[in-house]
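Data first, discussion second: the structure below is written as structure tokens.
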Amino acid sequence: MFLPLIETIPDEYAVILPDVRGYGRSRCRDTARHTWAQYVSDAVALLDALGFSRAIIGGAGLGSTIALRFAVDLPTYVLAVIAIGIEDIEDDKAKEAEIRMMEAFALRVQRDGILAGWEPLLPHLSPIIGAMVCEAIPRSDAESIAAAAAIGRDRSFKDPEELAVISVPVILFAGDDARHPQSLAEELASIIPRGRLAAASLSSNVKTSRDFGRFIAPALLDFIAEVRAAPTG
């Protein structure tokens with residue numbers, strides 16, 4: 001789903017595109033290993049194995065949460081953050097509702113398959129998020145996807161203010177549905193000291209991976225160039 005966007009990045013950059021644990025071609029059917037700390041640890045292990053001591057960390061949806069957690073938990077690895085379609089940071093009541101939703105999702109996946117798990121949720125997602133979900137289904141393992149629903153019981157952040165400790169540049173591309181609210185992207189742009197809200201967003205005009213690449217690329221490439229040009233400590 002990221003390939004049309006990645007194709008716009010100059011060849012001088014190394015781009016690493018891992019599948020998150022349990023998603024895409026990754027297989028992980030152990031519910032206990034689907035936590036935000038584990039996802040960050042996976043990314044660190046990959047960077048270490050490839051010999052990169054620092055990187056620009058980015059993602060969309062769930063990947064944006066991983067990128068932001070990475071910057072909070074292990075800042076020495078992070079040159080900058082790209083967060084696309086930031087997932088909501090729920091209060092306690094909303095978190096309880098998310099847990100129930102994720103558990104029902106897992107049951108549908110186990111009983112009827114991945115598409116059946118997503119069908120009640122797709123109408124409530126922005127077109128591009130829904131398209132990305134559907135594109136990934138043929139590459140995914142149902143038992144791993146069901147297990148990954150356990151992430152709903154883990155808390156990414158309890159309050160947006162926790163992200164105020166991120167000191168590196170952060171570009172935020174707003175989402176366009178209740179699970180990826182525009183208001184949260186705007187709030188984080190004001191909370192994170194070097195945060196900025198991109199002019200491009202995951203609006204209803206972004207429907208395919210090609211649209212995604214075309215809409216995101218200009219701001220993304222400018223941001224990467226700025227990060228590269230800035231002095232590093």
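The values are calculated or read from the model by the stated rules, or taken from the named source; none is laboratory data. Because the structure is predicted, anything quoted here is derived from the model rather than measured. Glycine also receives a Cβ, built like all others from the backbone with ideal geometry; neighbour counts cover every protein chain displayed. Accessible surface is based on the protein model in full, side chains and every heavy atom, while ligands, DNA and RNA are left aside. Shrake-Rupley method; radii C 1.70, N 1.55, O 1.52, S 1.80 Å.
Can you pull the one-decimal nm distance between simple spin-label points at L50 and R111, each 7 Å off the Cα toward Cβ? A separation of 4.0 nm, rounded to one decimal place. Here the chain carries DSSP beta bridges of which approximately 5% are antiparallel, counting only pairs with both residues inside.
Three semi-axes describe the equivalent ellipsoid of the range 97-230; taken as square roots of 5 times the Cα gyration tensor eigenvalues and ordered largest first, they are 30, 19, 13 Å. A straight chain from A189 to F157 at 0.36 nm per residue would run longer than the Cα-Cα distance by 9.9 nm. Dipole magnitude for the chain: computed about the Cα centre from +1 point charges on Lys and Arg Cβ and -1 point charges on Asp and Glu Cβ, it is near 380 debye. Over the C-alpha atoms of the chain, the Rg to Rh ratio, Rh being the Kirkwood estimate, stands at 0.94. Just report the Cα centroid separation between the range 175-203 and the range 130-151, whole Å. Taking the Cα centre of the range 130-151 as reference, the centre of the range 175-203 is 25 Å away.
Surface listing: H124, H34 arranged by accessible area from highest to lowest gives H124, H34, probe 1.4 Å.
Globularity index of the range 120-174 is 1.52 (Cα radius of gyration / 2.2 N^0.38 Å, N = number of residues). Compared with the rule-of-thumb size 2.2 N^0.38 Å for a compact globular protein, the range 55-99 has a Cα radius of gyration ratio of 1.29. Which log10 I(q)/I(0) values, to two decimals, does the range 1-77 give at q = 0.17, 0.26 Å⁻¹ under the Debye formula with one point per Cα? Values returned for q = 0.17, 0.26 Å⁻¹ are -0.71, -1.47.
Taking the centroid of alpha carbons for each part, the range 66-82 and the range 208-232 are 17 Å apart.
Against the empirical curve 2.2 N^0.38 Å, the C-alpha radius of gyration of the range 1-41 lands at a ratio of 1.50.
Computed from the alpha carbon atoms alone, the convex hull of the range 76-116 holds 140 Å³ per residue. The alpha carbons of the range 176-233 occupy a box of 39, 27, 14 Å along the principal axes, longest dimension given first. With K and R counted +1 and D and E -1, the other residues having a Cβ less than 11 Å from that of W118 yield a net charge of -1. Listed by chain and number, the aspartates and glutamates whose alpha-carbon sits under 19 Å from that of K207, ignoring those within fewer than 8 places in the same chain, are E7, E87, E119, E135, D176, D177.
Its Kirkwood hydrodynamic radius, worked out from the mean inverse distance over all distinct Cα pairs, puts the range 22-124 at 15.4 Å.
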